[in-house]
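Visitor: I am attaching a structure below and will ask some questions about it afterwards.
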Amino acid sequence: MLETKRIDGKARADRLVAEVAAAAVALKAGSGVVPGLCAVLVGSDPASRIYVRNKGKAAASTGITSFQENLPETTSAAELLALIAKLNVDDRVDGILVQLPLPKHIDPQRVIDAIDPSKDVDGFHAQNIGRLWSGGKALVPCTPYGCLMLLRDVLPSLAGAEAVVLGRSNIVGKPMAALLLAENCTVTLVHSKSRNIPAILRRADILVAAVGRPEMVRGDWLKPGVTVVDVGISRIAAADGKSKLVGDVAFAEAQGIAGAITPVPGGIGPMTIACLLRNTLIAAHRRRGLSEPAI
Ligand code: GUN
């Protein structure tokens, strides 16, 4: 039986974080610049608070100055846009991240498109999306870029591979499709209205699953040898009465079928934050016309 490789996203993320930290030291030594990242949190969603806190801690650990703006749930769109305008002209801030989701009364794309695209470290601004799809110099969304880094580590070449992306979100699925296309994969985007999803998935040499439906993808939906990147993370009840975190792919069923698979947790999660720090470092260089470190 084929032995399925476990892709260690945590180890890869630790390596990237160390590279970001070293590049931040070099930037400070060479030009006196200390990169800054500002996370904006509107409201008090507990999960969002944890994400933002973790991003801030990770930034500080790499020598990136971390700023945080906490606004109440009742904040108006105009107030949030005024804060973005202030951060856009604050030279200490190289990266602006508005944690999503926003309260329902605020249109997220309007807010994202108000961010200076050169500081849009999420890569969600229309200009960065357009550049990503047209092959220009973009800030690339963190989670799909992290997926791509892991795929490049595992596979000698992505060119010509059948890549299936499950999920069409703006945060993961769509930018993932753009990145795989740029690698010359044959890309299929599968979504909730797709017909015969198992048959499409069985064609995949590369599968990126990002729908947040616990263990939706069964072992017999996988082509033998497929490389699986599992972005989903859901908490479900476990047999012992406790709960556990699972991905979109039934991990145990994939053993012996997939060539390689990311675990949940310990796969993509750590890569997302590491790529955010990388983007902040890149933004700090690009905004000043400095040549970027190759990390
Ligand atoms: N909410 C869930 N994922 C993300 C992300 O990657 N960036 C931001 N800003 N919000 C999110």
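Bear in mind that the values in this text are calculations on the coordinates, not laboratory data. All figures in this text were calculated on a predicted structure; none of them were measured in a lab. With ideal geometry, Cβ positions are generated from the backbone for all residues, glycine too; neighbour counts draw on all protein chains shown.
Visitor: Expressed as a rounded percentage, what relative contact order does the chain have, with Cα pairs under 8 Å and six or more residues apart?
Guide: Answer for the chain is 23 percent.
Visitor: So what are the radius of gyration and Dmax for the Cα set of the stretch 25-131, in Å?
Guide: 14.0, 45
Visitor: What does the extension gain come out to for R15 and N184, with contour length at 0.36 nm per residue minus their alpha carbon separation?
Guide: Separation in residues times 0.36 nm, less the Cα-Cα distance, equals 58.2 nm.
Visitor: Here is a follow-up. With 26 Å as the limit, write out which pairs from K28/K119; K10/K244; K10/K174; K5/K55; K5/K223; K104/K242 have Cα-Cα distances beyond it, or answer none.
Guide: K5/K55; K104/K242
Visitor: Something else: Scaled to the compact-protein estimate 2.2 N^0.38 Å, what is the alpha-carbon radius of gyration of the stretch 99-150, rounded to two decimal places?
Guide: 1.20
Visitor: Residues with beta-carbon under 10 Å from that of L150, excluding L150: net charge, scoring Lys, Arg +1 and Asp, Glu -1?
Guide: Surrounding charge for L150 is 0.
Visitor: 5 Å is the cut-off here: which amide hydrogens, built 1.01 Å from N in the peptide plane, fall below it relative to L155, excluding neighbours closer than 5 in sequence?
Guide: none
Visitor: Which of H285, G259, P35 sits closest to the plus end of the dipole of the chain, meaning its Cα is farthest towards the positive end, when Lys and Arg get +1 and Asp and Glu get -1 on the C-beta?
Guide: About the Cα centre, the residue reaching furthest to the positive side is G259.
Visitor: Shifting gears a bit: What number do you get for the stretch 159-239 when its Cα radius of gyration is normalised by 2.2 N^0.38 Å, N = residues?
Guide: The stretch 159-239 yields a ratio of 1.07.
Visitor: Rg over Rh of the stretch 189-295, using C-alpha atoms and the Kirkwood radius, what does it come to?
Guide: 1.11
Visitor: Name every cysteine in the chain that ends up alone, with no second cysteine's Cβ under 4.7 Å, or say none.
Guide: That list is C38, C147, C185.
Visitor: At I50 and Q68, where each label point lies 7 Å from the Cα along Cα→Cβ, what is the point-to-point distance in nanometres?
Guide: It works out to 1.4 nm between the two label points.
Visitor: Could I ask something else about it? Quick one: angle between helix 268-286 and the longest Cα principal axis of the chain, in degrees between 0 and 90, rounded to 10, please.
Guide: Helix 268-286 sits roughly 40 degrees off the main axis of the chain.
Visitor: Quick one: length gained pulling R218 to S157 fully straight, 0.36 nm per residue minus the C-alpha distance?
Guide: Gain on extension, R218 to S157, equals 19.3 nm.
Visitor: Checking a compactness column here: for the chain, what do you get for Rg(Cα) / (2.2 N^0.38 Å), N being the number of residues?
Guide: With N residues counted in the chain, Rg over 2.2 N^0.38 Å equals 1.01.
Visitor: Find how much the distance from A26 to D8 grows on full extension, using 0.36 nm per residue of separation minus their present alpha carbon separation; answer in nm with one decimal.
Guide: Separation in residues times 0.36 nm, less the Cα-Cα distance, equals 3.7 nm.
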